[in-house]
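Novice: I'd like to ask you about the structure that follows.
The values are calculated or read from the model by the stated rules, or taken from the named source; none is laboratory data. Every value quoted in this text rests on a predicted model; they were computed, and no experiment measured them. No Cβ is skipped: glycine too gets one built from the backbone with ideal geometry, and neighbour counts run over all protein chains shown. Surface areas here come from the heavy atoms of the whole protein model, side chains and all, with no ligands, DNA or RNA. Shrake-Rupley method; radii C 1.70, N 1.55, O 1.52, S 1.80 Å.
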Amino acid sequence: MPKFSDLRDYLNYLDSKNLLRIIEGADWFLEIGAITELVAMSRRPKALLFDSIKGYPKGYRVATCLYASSELQAIALNLPHDASVLEQVRVLKERIKNLRGIPPKEVNDGPVKENVLVGDDVNVLKFPAPFWHEGDGGRYIGTGDVVITYDPEEEWVNLGVYRVQVYDEKTLLMMIIPGHHGRMIMQKYWSKGRPAPVAIALGQEPMVFAAAGAPLPWGMSEYHFAGGLKEEPINVIVDEDTELPVPATAEVVIFGLVPPPEEKTLDEGPFGECTGYYTHRGPGLVVHVTKIWYRNNPIIQGNPPLKGSVIRFSLGAHLFTSALTWIAIEKEVPEVKGVYALYQLCQTGPSVLVISIKQAYPGHAKQAALAALGSQASARFVKVVVVVDEDVDITNPEDVLWAICTRVDPYRDIDIIRGIPSMPLDPSIPKERKEFMDYTTSTLVIDATKKPFGMRDKFPRVNVISPELKKKIMHKWRHVIKDIVGE
């Protein structure tokens, strides 16, 4: 598989594989967002590149649905796209376990500096920021963005994906949930009465975007992680004013200063978020834009949240959650055969997590579930953890439901764990609790393994074709079966 040095490399590759569609003449007001949603919700979505956008010159483009299928995600992350989803998770898990972070490489120049706007020339409306959802409170230029900050005390660079709304030509509004690394870093500047410098990249190579959304521990730079995944350093240019390193091949980078919230905020939102609901209009962080770098014929990367699976707008969120949780569990629990975020709504937190084990002792399933809840990768917004035997396909919702329906006595095998971290976006948390910053939820733990442990061999035999017979029939009748089912 190729390595992509920028977003354009990736798009060109998709085009060569008939996985890209170019759309001319769409309106930035709702049309781009609506077309994006309809394609993302389809059975086999392809990447979209919008050009000749209403009110903008040809060449000022927006790319969406970039990673909206398992095939597109596998290409972007250099995973075996002909393998099963669980095998992709396994490959990613081993890659992360053996990963050595590679620091970024500083370069003096790059495509992102082909054009520079400063002073009176600064104008974020020069770029076609879409009005994504019908109920949004404005245009959002940052959905597939990477926000870059620098910790002035511990001296490391953080990358995060946070939504960014256009307020006017020289002002942006940014929403970063408390507890996220970017906001914690900004707080260090604010505590000293200083505005926090930020850089917002609006289109970048896939590995940088993937790393920016991965649930990494505090102090680990996403640049190092992206370099390790790519097996070569990410080229960056260090801005002389903010001293922030930005991707040299980014499409657009907006530099700005964020004043302390107690000094200034402006109302941000509503916005159609990853939970499938609109947020309320409320105070957002203000970004005073000081400078813009951008490439000729720039491409704004659009990853607007949509109702349903996170795969429709993220890159590898559910895969990284699965792989990192798997790594965490197997440090404490033996015979873990697989971990998968069966249903994940947002970049962080598996809404439904399924764990496969080969039972080794009584209580094994419950131990695995609790280990998952203690994992940083699964620390937020997890509503259900299901533990199954190794004969269940944890990537298949029907197979998981079958195990729940046939191996679970609700009174005996289901527990509710209270006080689990969630997030402000969680619509199930009452407003009065959110006012006191109580963003906790409950998690349903389901032991869907065969029981009792000492009599598993007495459990009824599963009515399914044996692997041996399946292999024999597929060898003899594959052409007939393939013609019938289209596989």
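Novice: Which one is nearest to LYS307 (Cα to Cα) among residues in segment 18-44 that are of a type outside the set (A, V, I, L, M) and touching a residue at least 40 places away in the same chain (Cβ under 8 Å)? Even if it seems obvious, please write down each step before you answer.
Specialist: Step one: list which residues in segment 18-44 are of a type outside the set (A, V, I, L, M), which gives 18, 21, 24-25, 27-29, 31, 33, 36-37, 42-44.
Next, only the ones that are touching a residue at least 40 places away in the same chain (Cβ under 8 Å) stay: 28-29, 33, 36-37.
On the way: TRP28: 20, PHE29: 19, GLY33: 13, THR36: 12, GLU37: 9 Å.
Among them, the one singled out is GLU37.
Novice: Among the listed residues VAL107, VAL122, VAL116, VAL112, identify the single one that is open to solvent by less than 50 Å² (accessible area, probe 1.4 Å) and within 16 Å of GLY256 (Cα to Cα).
Specialist: Details: VAL107 fails: within 16 Å of GLY256 (Cα to Cα); VAL116 fails: open to solvent by less than 50 Å² (accessible area, probe 1.4 Å); VAL112 fails: within 16 Å of GLY256 (Cα to Cα).
From the options VAL107, VAL122, VAL116, VAL112, the qualifying one is VAL122.
Novice: So, of the residues in segment 357-374 that are open to solvent by less than 10 Å² (accessible area, probe 1.4 Å) and within 21 Å of PRO215 (Cβ to Cβ), which turns out to be nearest to the chain's Cα centre (by Cα)?
Specialist: From segment 357-374, those open to solvent by less than 10 Å² (accessible area, probe 1.4 Å) are 357, 364-365, 368-369, 372; that's our starting set.
Now narrow it down to the ones that are within 21 Å of PRO215 (Cβ to Cβ): 368-369, 372.
Values: ALA368: 24, ALA369: 23, ALA372: 19 Å.
The residue in question is ALA372.
Novice: Where in segment 163-237 are the strands (runs of 3 or more DSSP E), entirely inside, with at least 1 residues that are without any contact (Cβ under 8 Å) to a residue 60 or more places away in the chain?
Specialist: Values: elements: 163-168, 171-175, 196-201.
Where strands (runs of 3 or more DSSP E) fall fully within segment 163-237 and carry at least 1 residues being without any contact (Cβ under 8 Å) to a residue 60 or more places away in the chain, they are 163-168, 196-201.
Novice: May I ask you to verify whether ASP241 is part of a loop (DSSP other than H, G, I, E, B) and on the phi < 0 side of the Ramachandran plot? Give the steps one after another, and end with the answer.
Specialist: On the way: part of a loop (DSSP other than H, G, I, E, B): yes; on the phi < 0 side of the Ramachandran plot: yes.
Against the criterion (part of a loop (DSSP other than H, G, I, E, B) and on the phi < 0 side of the Ramachandran plot), ASP241 qualifies.
Novice: Which residue is surrounded by the most Cβ atoms within 10 Å (Cβ to Cβ), if the candidates are limited to segment 152-172 and must be over 23 Å from the mean Cα position of the chain (by Cα) and among the charged types (D, E, K, R)? Steps first, please.
Specialist: Taking segment 152-172 as the starting set, the residues that turn out to be over 23 Å from the mean Cα position of the chain (by Cα) are 152-155, 167-171.
Now narrow it down to the ones that are among the charged types (D, E, K, R): 153-155, 168-170.
On the way: GLU153: 7, GLU154: 10, GLU155: 8, ASP168: 11, GLU169: 12, LYS170: 17.
Looking at the filtered set, the residue picked out is LYS170.
Novice: To continue, here is another question. Tell me, which strands (runs of 3 or more DSSP E) wholly within segment 1-109 include 1 or more residues that are of a type in the set (Lys, Arg)? Spell out how you get there, then give the answer.
Specialist: On the way: elements: 20-24, 47-51, 61-64.
It comes to 20-24, 61-64.
Rundown of residues vs (1) surrounded by fewer than 24 Cβ atoms within 10 Å (Cβ to Cβ); (2) of a type in the set (A, V, I, L, M), yes/no style:
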| site | (1), (2) |
| --- | --- |
| MET220 | yes, yes |
| ILE254 | no, yes |
| GLU262 | yes, no |
| THR290 | yes, no |
| ARG312 | yes, no |
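Novice: Go through (1) in contact (Cβ under 8 Å) with a residue 24 or more places away in the chain; (2) out of contact with any strand residue (DSSP E or B) (no Cβ under 8 Å at 6 or more places or on another chain); (3) surrounded by fewer than 15 Cβ atoms within 10 Å (Cβ to Cβ) one by one and return the number of the condition GLY59 breaks.
Specialist: For GLY59, the exception is condition (2).
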